[in-house]
Amino acid sequence: MSHVKLYYKGLAVGGTIGILTASLLFAHAIARVGACEPVVDVEYKRAGKKVIPETVLRQPVRDGKRCLLAEAGS
């Protein structure tokens with residue numbers, strides 16, 4: 001009988017760990033939905049007579065259901 005009790009105890013602990021892990025992953029996925037993905041943008045800078053492209057990573061902000069890029073200096 002003791003082997004049966006150990007089996008069910010191990011099964012209960014494993015099931016509890018699985019349920020907790022799944023709920024944490026689900027909560028993380030739900031929280032991630034509200035985040036906006038970063039946007040890779042290209043800016044052109046003048047160096048003398050040459051125009052040099054420069055890659056910039058921008059983080060948009062959430063406005064309701066939309067992700068918007070803010071424009072600085074306007």
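Taking GLY64, GLY48, GLY14 as the candidate residues, the one with maximal mean-square fluctuation in a Gaussian network model of the chain, Cα springs under 10 Å, is GLY48. For the chain, adding -39500 (n - 2.57) for each run of n ≥ 4 DSSP H residues and dividing by the number of residues yields -15500 deg cm²/dmol at 222 nm.
If R0 is taken as 22 Å, the Cβ-Cβ distance between ASP63 and VAL42 corresponds to a FRET efficiency of 0.40.
Taking the 0 to 90 degree range and rounding to the nearest ten, how far is the long axis of helix 2-33 tilted relative to the main principal axis of the chain, both from C-alpha atoms? Helix 2-33 sits roughly 20 degrees off the main axis of the chain. Prolate is the label for the chain, because a/c, from the alpha-carbon gyration tensor with a ≥ b ≥ c as root eigenvalues, is 1.5 or above and a/b exceeds b/c.
Any read-out appearing in this document is the output of simple, stated calculations on the displayed coordinates, not a laboratory observation. None of these values were measured; they are calculated from a predicted model. When we count neighbours, we look across all protein chains shown, and the Cβ atoms used for this are built from the backbone with ideal geometry, even at glycine.
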